[in-house]
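Here's the structure, in structure tokens; my notes come after.
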Amino acid sequence: MGFRFQKRISILHGVRINLSKSGASASVGPRGADVNIGPHGVTTNAGIPGTGLSYRQKVGGGGASAKAGATKNKTWIAVLTVVGGFGVWAFQHIGKVEKAIAPLVPAHVAAATQQQVIPAPVNTAASAVRYVHRVGSVLRAEPKASAKPLKKEAKGVQVTLISESEGWSKVSDGAVTGYMRSSVLGTEPPQ
């Protein structure tokens, strides 16, 4: 039985250097949908995460024109598979992709594409009482995770619900009014 050696070094997000007994290569793209460039040529790899299904195709090579035509068709299949793999990866990591491209979008374009969130009013005073169900829940200035924290609320604190929208609740603890994730609030005191 022979020994194997393999080491992957991540250079940038989606760019890796692969070291092995047979030489060094570079992979570009997310795992499961990448292009590998090494001493044995260019290879495309595409797979469906979690299924064990994958497709690997060497790009290039050839000789006779018939073989070149078949290689061209296989190359297109490989390219389409890699593009599809990128799509699956992007769908699974949409939050990371949004954060990665946010600095690239000019501020006036980002402001124009944001939707105005109009909170739904709460109808009755009896339904407005909520209790904090998680230790250290943060009351924020705006309904988003990156907003300025105003205060940390202790578990069991009673707050008054003003409105709810898109997973966020506008609440008041009597002294401070702000936004909390709706998932940390309950209608009954915590046990």
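The values are calculated or read from the model by the stated rules, or taken from the named source; none is laboratory data. Remember, predicted model here, so these are calculated numbers, not experimental data. Here the Cβ is made from the backbone with ideal geometry for all residues, glycine too, and neighbour counts use every protein chain on show.
Which one is modelled with the highest pLDDT, of the residues in region 126-143 that are over 19 Å from residue 175 (Cβ atoms) and either touching an Asp or Glu at 6+ places or on another chain (Cβ under 8 Å) or exposed (fewer than 12 other Cβ atoms within 10 Å of the Cβ) (or both)? Before you say what the answer is, go through the steps one by one.
First, pick out the residues of region 126-143 that are over 19 Å from residue 175 (Cβ atoms): 126-127, 133-135, 143.
Right, trim to either touching an Asp or Glu at 6+ places or on another chain (Cβ under 8 Å) or exposed (fewer than 12 other Cβ atoms within 10 Å of the Cβ) (or both) and you get 126-127, 143.
On the way: 126: 55, 127: 70, 143: 91.
If we take residues in region 126-143 being over 19 Å from residue 175 (Cβ atoms) and either touching an Asp or Glu at 6+ places or on another chain (Cβ under 8 Å) or exposed (fewer than 12 other Cβ atoms within 10 Å of the Cβ) (or both), then 143 is modelled with the highest pLDDT.
Among the residues of region 8-42, what is the count of those that are over 23 Å from the mean Cα position of the chain (by Cα) and exposed (fewer than 10 other Cβ atoms within 10 Å of the Cβ)?
Total satisfying the criteria: 2.
Could you run through region 160-179 and say how many residues are surrounded by 14 or more Cβ atoms within 10 Å (Cβ to Cβ) and either not hydrophobic (A, V, I, L, M, F, W, C) or not in a strand (DSSP E or B) (or both)?
Here is the first cut: in region 160-179, the residues surrounded by 14 or more Cβ atoms within 10 Å (Cβ to Cβ) are 160-165, 168-173, 177-179.
If we keep only those that are either not hydrophobic (A, V, I, L, M, F, W, C) or not in a strand (DSSP E or B) (or both) as well, we get 160, 163-165, 169-170, 172-173, 177-179.
Final tally of qualifying residues: 11.
Which ones in region 5-55 are at pLDDT 80 or above, outside any strand (DSSP E or B) and among the charged types (D, E, K, R)?
Scanning region 5-55 gives a single hit, 21.
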